[in-house]
Every structure is written in structure tokens, then in C-alpha cells.
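Asks: Sharing a structure with you now.
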């Protein structure tokens with residue numbers, strides 16, 4: 001019996017090798033996608049936390065405006081975003097971060113163009129997860145976001161009343177002796193809250 005010598009059976013090792021490479025690349029892409037999803041989740045949590053801090057500051061500015069009017073003090077600083085803000089913004093940022101499965105790892109008050117703003121750093125509570133890349137099971141996605149409270153109104157000359165004009169073209173006039181929170185326009189018309197770079 002004669003034995004035939006040829007290439008039969010030589011493709012199997014090559015097929016196994018190519019399949020292994022393709023699987024490794026697929027798992028690597030999965031690991032990078034997993035990290036990207038974690039990063040996006042962290043950025044969402046940071047954005048929400050920064051906006052929550054700024055929203056809290058916006059309400060505090062309006063309350064400070066009313067208190068200054070009631071006390072007969074200078075109210076324009078509050079209207080124009082220069083009032084002294086308290087410390088509740090950090091707790092609001094922490095609350096929104098927690099709602100997005102993250103923890104505030106850094107919080108700072110900063111001015112942007114003279115307006116009050118906040119820079120919030122967060123870290124996700126859950127790790128990136130297991131993957132073929134060693135060490136990812138102990139890594140946590142982090143992100144930073146900054147927000148600002150931009151005043152949209154400016155005071156008008158009026159010694160007897162509280163008068164101001166907002167960027168939407170509306171003008172408001174209130175009796176300083178009879179002014180309440182319900183009298184104010186919507187806070188979104190008085191102060192814009194948005195993210196900044």
C-alpha cells in the first residue's frame with residue numbers, strides 16, 4: 001500500500017490558532033467597551049451631581065434675595081449671583097451622585113466669569129468588572145464635572161421698589177414691604193444653571 005504525502009490536515013492547527021486570536025480580540029474589545037460604559041456612567045453621575053449643586057445654589061440665591069429685601073439690605077448682589085452661599089450644595093451633589101450609584105470624591109466652589117459654580121468629582125461604587133485585562137476588577141470609573149449659576153437679570157433704578165429686568169425681556173417690580181417667594185418669577189428665568197468645561 002502506498003502512502004500519499006500532502007497537505008491534508010495542515011489547516012486544522014491554523015484554524016485553531018486564528019479562532020483563538022479572534023476570540024482574544026473579541027474579549028479585548030468587550031473589555032474596552034465595558035470600561036467605556038463605566039466611564040459614561042461616571043460622567044453622568046458627575047454631571048448630575050454638579051447640576052444638583054448649582055440648582056441648590058440657585059434656590060439659595062433667590063432666598064437670599066428675599067431675605068435681603070426683608071432686612072432692608074443690598075439685594076442686588078443676590079440677584080446678580082454674588083450673594084454668600086451656604087453649604088447645602090455639597091449634600092445635594094452627594095444625593096444625586098448616590099442616585100447614580102456613585103460617591104462624591106471631591107467638591108469645590110469656584111467662580112466662572114464671576115458667577116458661582118461648582119466642580120464635582122465622583123467615583124462609581126461598582127468596579128469596572130472582570131475582563132481579560134488583569135486588574136480591572138479593582139478599578140473604579142471616575143469623572144469630573146463643573147456647573148455654574150448664571151444670573152439672567154439685572155436691577156433697575158427704583159429707590160422705593162425692587163425692580164429688575166431679565167434676559168427674556170420681562171420686567172418685574174415688587175413692593176419691598178410685601179414680597180414673597182411666590183411673587184418671584186420662575187427661578188429658571190432669573191438664573192441659568194448649566195455645565196461648563
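Values in this text are rule-based calculations from the coordinates and carry no lab data. A quick note: this is a predicted structure, and the numbers were derived from the prediction, not measured. A quick note on method: Cβ atoms are made from the backbone with ideal geometry, for glycine too, and the neighbour counts reach across all protein chains shown.
Asks: Under the definition of Cα pairs under 8 Å and six or more residues apart, what whole-number percent is the relative contact order of the chain?
Replies: Working: 336 pairs, mean separation 45.0, N = 197.
The normalised contact order for the chain reaches 23 percent.
Asks: Right, here's the next one. Give me 142, 197 sorted ascending by neighbouring Cβ count inside 10 Å, so fewest comes first. Let's see the in-between values first.
Replies: Numbers: 142 18, 197 5.
Ascending number of Cβ neighbours within 10 Å: 197, 142.
Asks: What is the list of residues in segment 109-129 whose amide nitrogen lies under 20 Å from a point 7 angstrom out from the Cα of residue 30, following Cα to Cβ?
Replies: 127-129
Asks: Something else: Determine, at each q value in 0.17 (inverse angstroms), the log₁₀ of I(q)/I(0) that the Debye formula gives when each Cα of segment 45-108 is one equal point scatterer.
Replies: Per q value, in the given order, log10 I(q)/I(0) is -0.59.
Asks: Read through the labelled values (1) 1.74; (2) 1.04; (3) 1.10 and report the label of the one computed as Cα Rg over 2.2 N^0.38 Å from the structure.
Replies: The calculated read-out lines up with (1).
Asks: Taking the Cα of residue 195, stepping 7 Å toward and past its beta carbon, and measuring to each backbone N in segment 49-72: which are under 18 Å?
Replies: 49-56
Asks: For the Cα atoms of the chain, what angle does the longest principal axis make with the long axis of helix 11-71, in degrees from 0 to 90, nearest 10?
Replies: 10 degrees
Asks: Next question. Relative contact order for segment 15-110: what is it in percent, counting Cα pairs under 8 Å that are at least 6 residues apart? Please list the in-between numbers first.
Replies: Values: 64 pairs, mean separation 30.7, N = 96.
Value for segment 15-110: 32 percent.
Asks: Could you work out the helix-only [θ] at 222 nm for the chain, with each DSSP H run of four or more residues adding -39,500 (n - 2.57) and the total divided by the number of residues, to the nearest 500 deg cm²/dmol?
Replies: Values: 4 runs with 81 residues, N = 197.
Only helices count here, giving -14000 deg cm²/dmol.
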